[in-house]
């Protein structure tokens, strides 16, 4: 998504919550190269703090297994927040069992992707859900 003029919309903002530094670096690089503004945290408690702030996130990428609050607890907090009810939440996790997927989707996750992931497919899915032409 290349922005050529000042009249182009501002970049979309994303919160990345993952306890693995390498995964966060990869996600930040992928998203910033696609011109997203990225905030990142390394544990569930920090993710909950960010969700409670007044930052207008266009979407959230969330790991399930993190120190502090779990990804499901963060997802629950997102869905309890009236200003975040419609914020897309992408679960990106190494836990690929159907029960994990079903639980996350039942609690309001928008999509569920497993690690390792294809950066190209991840971006395509993000743009599809956000309704971006890309």
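Values for this structure:
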read-out	value
Neighbours by Cβ (under 7 Å, 6+ apart or cross-chain): first from region 25-42, touching a residue at least 24 places away in the same chain (Cβ under 8 Å) and at positive phi; second outside any helix (DSSP H, G or I) and surrounded by fewer than 17 Cβ atoms within 10 Å (Cβ to Cβ)	35/1; 35/3; 35/11
Answer from 22, 86 - the residue that is under 17 Å from residue 129 (Cα atoms) and surrounded by fewer than 19 Cβ atoms within 10 Å (Cβ to Cβ)	86
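Conditions tested, residue by residue: (1) farther than 22 Å from residue 119 by Cβ; (2) at pLDDT 95 or above; (3) surrounded by 17 or more Cβ atoms within 10 Å (Cβ to Cβ); (4) in contact with a helix residue (DSSP H, G or I) (Cβ under 8 Å, 6 or more places away or on another chain).
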position	(1), (2), (3), (4)
3	no, no, no, no
6	yes, no, no, no
10	yes, no, no, no
16	no, yes, yes, yes
44	yes, yes, yes, yes
49	yes, yes, no, no
53	yes, no, no, no
65	no, no, no, yes
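The values are calculated or read from the model by the stated rules, or taken from the named source; none is laboratory data. Note that the coordinates shown come from a computational prediction; the quantities given were computed from them, not determined experimentally. Don't worry about glycine lacking a Cβ; one is built from the backbone with ideal geometry, like all the others, and counts go over all protein chains shown.
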